[in-house]
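Student: If you scroll down you'll find the structure; I have some questions about it.
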Amino acid sequence: MAEGLLGKKVGMTQIYTDKGEIIPVTVLQVGPCFVTQIKSPEKDGYSAIQMGMEETRHLNKPERGHLKQLPSLKYLREVRTGNIASFQVGQKLNVALFSAGDLVDVSGVSKGKGHAGVIKRHHFKGGKKTHGQSDRMRSPGSSGATTTPGRVLKGMRGAGQLGNKNATVLNMEVIRVDQERNLLAIKGTVPGTKDSLLFVRKARKEKKVVKAQPTGKKGK
Amino acid sequence: MNLVNAIAKREPNPNIPTLAPGDRVKVHTRIVEGDRERIQVFIGTVMRLRKGKRANASFTVRRIATHGVGVERTFSVNSPRVEKVEVAGHTHVRRAQLYYLRGRHGKAARLREKRTVTPERAVEVAQTPTAE
């Protein structure tokens, strides 16, 4: 079976457990996906499958030619996988891959926030509001020492583009699966806007057990 | 139905009737105390309804507790902890959200009762000969 599927974010809501607890969930439309191409080590130098999702009317001739007898699919993405032997071109993959209680990783492009300052981007504290300070409320402060080293060290956090980049959230719990409508309800939030393309795969890394942090002094 | 509701929606609770702002209600909720469970009743006026028939729909009930302290509680329509809601009466209100009750106390916070004609009463009225 495939390791993951393409999907789209539908929106967020709440699900009640029988006890009356509320679980915040993100609803994803996952699949149905079609295997559109199989990449083999002999031909392409590596093994992967290409899968597609969502039918569209707007395809150009090369795209239509690539898909041949398959439905006209809007999104095509490649997934590296070792066992290409278990796939055939045209095979349909659907949400049945997941079941409630599974852990999944969700990747997508996060919402773009544009060029953001250090407070928003790196959670800097900013300057003082009072004590005579007037124009450095959101400034980063000092970015280095003096003649030694005489430059700003690489990797110093600063202002810049925030968001609109690939992001993956690991080990999210599947709460509910609706096979009829190809829906998945996942606990928590996933990157991107509504309708943005996502990749949902079975969790790869083991879930870390969160140790209780010793409570220290808060700030200054 | 939109897809978000399609997956999150529960069977509607048959013990919750259609509510309207200004309704006098008794809300029966299940409360867990240690390993014991009991029903608590919250009696008050429906102050607002939120999110209609969506999965996370809720309604807020306001009551005046002892010493004239206003207490507001919000209940989830779809929560299994809400056992049932009884409507004890309706009042005449001209707003969807009765936030103005917050600023009032005592007599000023009263709402005019809406007289509802029960089927038995309707028959009684119809049979009474009108005075000439």
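Student: Using a 1.4 Å probe on the protein heavy atoms, what percent of the accessible area of chain A belongs to carbon and sulfur? If you can, show how the numbers build up before the last one.
Tutor: On the way: 7230 of 14540 Å².
The nonpolar share, carbon plus sulfur, comes to 50 percent.
Student: Shifting gears a bit: Between the DSSP loop rule and a limit of at most 10 other Cβ atoms within 10 Å, which trypsin sites (Lys or Arg not before Pro) in region B:56-94 are left? Numbers along the way, then the final one.
Tutor: Details: sites: B:R62, B:R63, B:R73, B:R81, B:K84, B:R94; in loops: B:R81, B:R94.
Loop-located and lightly packed - B:R94.
Student: To the nearest 500 deg cm²/dmol, what mean residue ellipticity at 222 nm is calculated for the protein assembly as shown from DSSP H runs of n ≥ 4 alone, each contributing -39,500 (n - 2.57), summed and divided by the residues?
Tutor: Details: 5 runs with 31 residues, N = 352.
Helix-only estimate at 222 nm: -2000 deg cm²/dmol.
Student: Over region A:152-207, with the other protein chains present, what is the accessible area per residue in square angstrom, probe 1.4 angstrom?
Tutor: On the way: 3560 Å² over 56 residues.
It amounts to 64 Å² per residue over region A:152-207.
Student: Over the whole of A:122-133, what's the average partner chain Cβ count within 10 Å per residue? Rounded to a whole number, please.
Tutor: Working: counts 0, 0, 0, 0, 0, 0, 0, 0, 0, 0, 0, 0.
Across A:122-133, the average partner-chain Cβ count within 10 Å equals 0.
Student: For B:K114, what residues show an amide H to amide H distance below 5 Å, using hydrogens built from the backbone and excluding near sequence neighbours?
Tutor: HN-HN under 5 Å from B:K114: B:H90, B:T91, B:H92.
Student: For a quick check of your reading of the filter: which trypsin sites (Lys or Arg not before Pro) in region A:95-141 sit in a DSSP loop and have no more than 15 other Cβ atoms within 10 Å? Please report the intermediate quantities before stating the final value.
Tutor: Details: sites: A:K111, A:K113, A:K120, A:R121, A:K125, A:K128, A:K129, A:R136, A:R138; in loops: A:K111, A:K113, A:K125, A:K128, A:K129, A:R136, A:R138.
Qualifying residues, ordered by number: A:K111, A:K113, A:K125, A:K128, A:K129, A:R136, A:R138.
Student: Same structure again: Among A:193-202, A:66-75, what's the highest-first ranking by average C-beta atoms within 10 angstrom per residue?
Tutor: Numbers: A:193-202: 16.7, A:66-75: 14.4.
Per-residue Cβ counts within 10 Å, averaged per peptide and sorted highest first, yield A:193-202, A:66-75.
Student: Here is a follow-up. When the accessible area of each residue in region A:27-42 is compared between its chain alone and the complete protein assembly (1.4 Å probe; ligands, DNA and RNA ignored), which residues differ by at least 10 Å², being lower in the assembly?
Tutor: Buried-area filter returns A:V27, A:Q29.
Student: Same structure, new question: How big is the dipole moment of region A:113-162 about its Cα centre under a simple scheme where the beta carbon of each Lys and Arg is +1, that of each Asp and Glu is -1, and everything else is neutral? Debye, nearest 20, please.
Tutor: Numbers: 11 positive and 1 negative charges, 37 e Å.
The calculation lands at about 180 debye.
Student: Taking +1 at the Cβ of each Lys and Arg and -1 at the Cβ of each Asp and Glu, which of A:N171, A:V190, A:V152 sits farthest along the dipole of region A:134-220 towards its positive end, judged by Cα position relative to the Cα centre?
Tutor: Going by the charge dipole, the pick is A:V152.
Student: In whole Å, largest first, what are the principal axis extents of the Cα atoms in chain A?
Tutor: Its Cα atoms span 71, 51, 33 Å along the three principal axes.
Student: Separate question: Across the residues of A:15-22, average count of Cβ atoms on other protein chains within 10 Å?
Tutor: Details: counts 7, 9, 2, 1, 4, 9, 3, 4.
Per residue, the number of nearby Cβ atoms from other chains is 5 on average.
Student: Applying a 10 Å radius around every beta-carbon, put B:4-13, A:140-149 in order of their mean neighbour count, most first.
Tutor: B:4-13, A:140-149
Student: What share of all Cα pairs of region B:3-127, in percent, falls into each consecutive 5 Å distance bin?
Tutor: The distribution over region B:3-127 is 2, 10, 17, 19, 17, 14, 11, 6, 3, 1, 0, 0, given as percents.
Student: For peptide B:51-58, how many partner chain Cβ atoms fall within 10 Å of a residue's Cβ, on average?
Tutor: Values: counts 0, 0, 0, 2, 6, 7, 0, 0.
The mean count of partner-chain Cβ atoms within 10 Å per residue comes to 2.
Student: How big is the equivalent ellipsoid of region A:157-210 along its three axes, where each semi-axis is √(5λ) from the Cα gyration tensor, reported in whole Å from largest to smallest?
Tutor: That gives 25, 18, 9 Å for the three semi-axes.
Student: Another one. In square angstrom, what is the accessible area per residue of chain B with a 1.4 angstrom probe? Present the calculation step by step, with values, prior to reporting the outcome.
Tutor: Values: 9120 Å² over 132 residues.
Per-residue value: 69 Å².
Student: Say the cut-off is 26 Å between C-alpha atoms; which of A:K43/A:K205; B:K9/B:K84; A:K39/A:K92; A:K8/A:K202; A:K8/A:K205; A:K9/A:K165 go over it?
Tutor: On the way: A:K43/A:K205 31 Å; B:K9/B:K84 18 Å; A:K39/A:K92 17 Å; A:K8/A:K202 16 Å; A:K8/A:K205 23 Å; A:K9/A:K165 16 Å.
Checking Cα-Cα distances, A:K43/A:K205 exceed 26 Å.
Student: Note every residue of region A:151-193 with a reduction of at least 50 square angstrom in accessible area, all protein chains present versus the isolated chain, computed with a 1.4 Å probe, or write none.
Tutor: A:R176
Student: Buried accessible area for the A:B pair, summed, 1.4 Å probe, in Å² rounded to 100? Mind dumping the intermediate values first?
Tutor: Details: alone 15190 and 9840 Å², together 23660 Å².
Chains A and B together bury roughly 1400 Å² of accessible area.
Student: If the reach is capped at under 19 angstrom between alpha carbons, list the aspartates and glutamates near A:K125, excluding any in the same chain fewer than eight residues apart.
Tutor: A:D135
Student: Per the Kirkwood treatment, what hydrodynamic radius in Å, one decimal, follows for region A:47-135 from the mean inverse distance over all distinct Cα pairs? All intermediate terms of the calculation are to be shown ahead of the outcome.
Tutor: Working: mean 1/r = 0.0546 Å⁻¹.
Over region A:47-135, the inverse of the mean reciprocal pair distance is 18.3 Å.
Student: Could you name the lysines in cross-link range of A:K128, using Cα to Cα under 22 Å and dropping any fewer than eight places away on the same chain?
Tutor: Answer for A:K128, where 22 Å is the Cα cut-off: A:K120, A:K217, A:K218, A:K220, listed by chain and number.
Student: How big is Rg to Rh over region A:113-162, alpha-carbon atoms, Rh as the Kirkwood inverse-mean-distance radius?
Tutor: On the way: Rg = 12.7 Å, Rh = 12.3 Å.
Ratio of gyration radius to Kirkwood radius: 1.03.
Student: Let me ask another. Taking the inverse of the average 1/r across all pairs of different Cα atoms in region A:90-177, what Kirkwood radius in Å do you get?
Tutor: Averaging 1/r across every pair of different Cα atoms and inverting gives 17.4 Å.
Student: Further question on the same structure: Quick one: net charge around A:K187, please, counting Lys, Arg +1 and Asp, Glu -1 for every other residue with C-beta under 12 Å from its C-beta.
Tutor: Values: positive: A:R176; negative: A:E21, A:D102, A:E173.
With Lys, Arg at +1 and Asp, Glu at -1, the net is -2.
Student: Once neighbouring chains are kept in place and the probe is 1.4 Å, which whole percent of the accessible area of region B:3-127 is contributed by carbon and sulfur? Don't skip to the answer; put the middle values down first.
Tutor: Values: 3970 of 8240 Å².
Its accessible area is 48 percent carbon and sulfur atoms.
Student: If you bin every alpha carbon distance in region A:1-100 into 5 Å steps from zero, what whole percent lands in each bin?
Tutor: P(r) over region A:1-100, rounded to whole percents: 2, 12, 19, 19, 17, 11, 8, 6, 4, 2, 1, 0.
Student: If you don't mind, there's one more thing I want to ask. Return the distance in nm (one decimal) between the two label points of a simple spin-label model at A:H131 and A:K74, each offset 7 Å from Cα along Cα→Cβ.
Tutor: The answer from the label model is 5.4 nm.
The values are calculated or read from the model by the stated rules, or taken from the named source; none is laboratory data. Everything quoted here is computed from the prediction, not taken from an experiment. Here Cβ is always computed from backbone atoms with ideal geometry, including for glycine, and neighbour counts include all displayed protein chains. Accessible surface is based on the protein model in full, side chains and every heavy atom, while ligands, DNA and RNA are left aside. Shrake-Rupley method; radii C 1.70, N 1.55, O 1.52, S 1.80 Å.
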